[in-house]
Amino acid sequence: MRCPFCGHDETQVKDSRPSDDGMTIRRRRFCPACTQRFTTIERVQLRELTVVKTDGRRVPFDRDKLVRSIRVAIRKRPVSEERLERIVNGIVRQLEASGDSDVPSKSIGEAVMAALREVDEVAYVRFASVYRDFREAKDFEAFLGGLGGEDAVPPLADPKP
């Protein structure tokens, strides 16, 4: 592993620990050239995934982009970092297990929505509002009405008398 501080090719592992979910390994490393310490995280990758966008473009799957988009949805919500990691790991495993290395962006969005719905409904609605491109209050109203049950949101009042 190359040192991120000085670029030295040989670094030493000082400590390794599995994560709580057992899907990653955290390694503390030391560079003998510059004496800096840093952490790396290893995770299993079953296959290289390519995201097929709605316009047909193909881009490499970016786990960090997935984390960022979920983090925006759960901002100021009672969802821990550990829970966020479990959500992301579950989605990535689901995508890798699909058997296809080409994954439609729609599949990723739907997987995120399903996971967020289980965790926090506010985060679910936040993500859905961006993913489904809500433009007006009636878009939210229709979506929230679809959540159904006793908790369905009453219709918004029309501001015009």
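The values are calculated or read from the model by the stated rules, or taken from the named source; none is laboratory data. What you are looking at is a predicted structure, and each value in this text was computed from that prediction instead of being measured. We place every Cβ from the backbone using ideal geometry, glycine too, and count neighbours over all the protein chains shown.
For this structure, a couple of remarks:
So that you can scan it fast, the table gives a plain yes or no per residue for (1) out of contact with any helix residue (DSSP H, G or I) (no Cβ under 8 Å at 6 or more places or on another chain); (2) under 17 Å from Leu66 (Cβ atoms); (3) at pLDDT below 90; (4) among the aliphatic types (A, V, I, L, M):
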{"residue": "Asp102", "(1), (2), (3), (4)": "yes, yes, no, no"}
{"residue": "Ser105", "(1), (2), (3), (4)": "yes, yes, no, no"}
{"residue": "Gly109", "(1), (2), (3), (4)": "no, yes, no, no"}
{"residue": "Ala115", "(1), (2), (3), (4)": "no, yes, no, yes"}
{"residue": "Glu121", "(1), (2), (3), (4)": "no, no, yes, no"}
{"residue": "Tyr131", "(1), (2), (3), (4)": "no, yes, yes, no"}
{"residue": "Arg135", "(1), (2), (3), (4)": "yes, no, yes, no"}
{"residue": "Phe140", "(1), (2), (3), (4)": "no, no, yes, no"}
{"residue": "Gly149", "(1), (2), (3), (4)": "yes, no, yes, no"}
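- Every residue from the stretch 45-63 that is among the hydrophobic types (A, V, I, L, M, F, W, C), in a strand (DSSP E or B) and either surrounded by 14 or more Cβ atoms within 10 Å (Cβ to Cβ) or in contact with a Pro (Cβ under 8 Å, 6 or more places away or on another chain) (or both): Val51, Val52
- Looking across the stretch 78-105, the residues that are more than 19 Å from Tyr131 (Cα to Cα), of a type outside the set (Val, Ile, Thr) and outside any helix (DSSP H, G or I) come down to Pro78, Ser80, Ser98, Gly99, Asp100, Ser101, Asp102.
- Residue count for the stretch 99-130, restricted to those that are among the hydroxyl-bearing types (Ser, Thr, Tyr) and in contact with a Lys or Arg (Cβ under 9 Å, 6 or more places away or on another chain): 3
- Contacts under 8 angstrom Cβ, first residue in the stretch 3-26 being under 27 Å from Val92 (Cβ atoms) and free of Cβ contacts under 8 Å to residues at least 40 places away in the same chain, partner small (Gly, Ala, Ser) and surrounded by 13 or more Cβ atoms within 10 Å (Cβ to Cβ), 6 or more apart: Ile25/Ser19; Arg26/Ser19
- Restricting the stretch 79-106 to residues that are of a type in the set (Asp, Glu) and surrounded by 13 or more Cβ atoms within 10 Å (Cβ to Cβ), the residue that is farthest from Ala123 (Cα to Cα): Asp100
- Residue selection: Ile108 fails the criterion of being of a type outside the set (S, T, N, Q), within 12 Å of the chain's Cα centre (by Cα) and within 17 Å of Thr24 (Cα to Cα).
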